[in-house]
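Contents: one structure, followed by commentary.
Derivation of every value follows stated rules applied to the coordinates shown; laboratory data play no part. Bear in mind that the values here come from a model prediction, so they are computed numbers and not experimental data. Positions of Cβ are generated from backbone atoms using ideal geometry, with glycine treated the same way; all protein chains shown enter the neighbour counts.
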Amino acid sequence: MVTVHIFGRTDVGKLRSTNQDHMLIGNLDDDEVAELTEPDSFEVAPRGPLLVVCDGMGGAAGGEVASKLAAEVLWAEMRAAQQTDERPVFARLMRRAVRVANRRVFEEASAAPKLRGMGTTLSAAGVVGDALILAQVGDSRAYIHRGATLTQVTRDQSIVSALMHAGRMTRSEARSSGQSSVILQALGCDPDVEVSLSIVELRAGDRLLLCSDGLHGVVDDTKLRAAMVSCGELGEAVRTLISLARNAGGPDNITALVAEFDGDGLKPPRNPEDLPRFVEIDPMEEGDRAMSTTSKVARRLAARAGIGDDPGPPVVPVTGQFVALGGDTAGASGARTRRKRARSGESGPAYDALRERSRLGLTGWLVVILAVLAAVAVGLWGLS
């Protein structure tokens, strides 16, 4: 049996008048979302908790709508999904649920002029046996605290992260960069979205930190680690993390969600070197071929922004519910969303152009498919 102890808080920060972050915690075996006025515990029997942190953008109204809607649709889709103890299947279900949430946010933004340009990041975690499955869009983060080490187990889909991984920017330069708020994609900005899926082998005593960039953007990893190590109680850890962000100026909304895993279903760390690491799951592959220590999703997004090489075409949708949009490598900026601009309610011509290119990309794919079908039909006619 695996037991998960959870607590989280979201804070408006010191400079913003509204909170566009949204946090959701619920047990997939129950109907209700937890209020979490105090730390709570969940048994993973059989499915356990779903943990979600979203950071909305698109003005005061749009950001709040996008983050709340995305989290709630994800929850509803996962609640209705089949029960499984297979990690790849659960990952595919999460991927499908995130894409459904993206579609809903996109449709809401398209239908209401005042919500035009809204979107949200998303980091979500579910438990399958002794493993954590993570879904990621944007730059909200997940960390695992094990022993005295804090390890980031999601890959930011941002300009500065892409530049760092391409060797064009150091970590210190990234923290002070004026592009730190520019992300490569967000839920709701296009009809479909690429979801990064990662996996962590859990150990007894592991702690998960899910947070928005209102925390990790102003509090460096060293201070985050110190807070996670020094705070024994979950409530103390969450309050300390939020205080650190507020003391650093609190320029953005702040969300921190901490979960601790224990129970006889988890093994203790084998040795001090038994540490978590980032491993991305390709839902179209099986076994070892499905696992990679480099994020193909982040690399594809970076290539579209003109940073680095494209590792290959987008993953073909598993569900067939949505058409996969082709990547556009043209255009020097390539970034899907500039968060500061979006939060002010401005979409801008660059944003509109990206959305228009997405529609043209879909048309292009349909033309290609029709051409292939025509060629096959001609070939078959020739054989008859």
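Summary table below
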read-out: Rough spin-label spacing in nm, given labels placed 7 Å along Cα→Cβ, for Arg277 and Glu236; value: 3.3 nm
read-out: Segments 126-132, 282-288 sorted - mean Cβ within 10 Å per residue, highest first; value: 126-132, 282-288
read-out: Ranking of Thr149, Thr170, Thr120 by count of other Cβ atoms within 10 Å, fewest first; value: Thr170, Thr149, Thr120
read-out: Stretch gain in nm, segment Arg175-Ala111, where the contour uses 0.36 nm per residue and the Cα spacing is subtracted; value: 19.4 nm
read-out: Whole-Hz couplings from phi, Karplus 6.51/-1.76/1.60, listed for segment 164-174; x for Gly and Pro; value: 5, 6, 8, x, 9, 8, 7, 4, 5, 5, 5
read-out: Sites matching trypsin sites (Lys or Arg not before Pro) across segment 63-170 that sit in DSSP coil, with at most 15 neighbouring C-beta atoms within 10 Å; value: Arg168
read-out: Protection-proxy order for peptides 254-263, 292-301, each taking the mean of Cβ atoms within 10 Å per residue, highest first; value: 254-263, 292-301
